[in-house]
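Student: This is the structure, below, for whatever I ask next.
All of the numbers you see were taken from the coordinates with simple rules; none came from a lab. Computed from a predicted structure; not experimentally measured. We place every Cβ from the backbone using ideal geometry, glycine too, and count neighbours over all the protein chains shown.
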């Protein structure tokens, strides 16, 4: 097993511990809310809103107020202890940007110098600027295609408009020329 695999395994163990810790924290929160809703003495704050029914205790088992306060403090301590454990587990996780690739050397981790980090940043900036230039060229091509399509659509629109105008003018001429003959024919029919 390589050192990279061992480190990856340790990180996965930490993530599993973190997941278990979060599950336990949620369980503690649920138990705390359940305990409080069962054992708290509810007071009516608004006369329009009725008091929520508490779960009744068997006779003679109502815990004293001091015991309730002690239990609340214990629940808070459990909650804080688990939250601190989770915070510690998060703090020992490796940073997200530190994704090291396996190396042939036997060292567990390699540290990068400031110069290497600057070189990486410059390479990333160079890649970003090249990508931006490619996108800019694509945008210009798309704009040219759009302009051509728009001018073609405008010329087609003008042609269709002219064709429709010619058809309309022709129909108007036909209708205007056929109207006097029909009226003359209908007048002659009535005289007979």
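Student: Describe numerically, in nm with one decimal, the distance between label points set 7 Å from Cα along Cα→Cβ at residue 129 and at residue 114.
Tutor: Once both label points are built, they end up 2.3 nm from each other.
Student: Okay, which of region 1-19 sit inside 12 Å, backbone N to the point 7 Å along the Cα-Cβ direction of residue 92?
Tutor: 10-18
Student: Also, I was wondering about something else. On full extension of the chain, what length is gained from residue 144 through residue 84, given 0.36 nm per residue of separation minus the C-alpha to C-alpha distance? Please report the intermediate quantities before stating the final value.
Tutor: Values: separation 60, 0.36 × 60 = 21.60 nm, distance 6.01 nm.
Extra length from residue 144 to residue 84 when fully extended: 15.6 nm.
Student: Let me ask something else about it. At 0.36 nm per residue, minus the direct Cα-Cα distance, what do residue 23 and residue 5 gain on full extension? Give it in nm, one decimal, please. Each step should come with its number before you reach the end.
Tutor: Numbers: separation 18, 0.36 × 18 = 6.48 nm, distance 2.68 nm.
Full-extension gain reported as 3.8 nm.
Student: Hey, another quick one. Residue 73 to residue 34: extension gain in nm, 0.36 nm per residue of separation minus the Cα-Cα distance?
Tutor: Details: separation 39, 0.36 × 39 = 14.04 nm, distance 1.50 nm.
Value of the extension gain: 12.5 nm.
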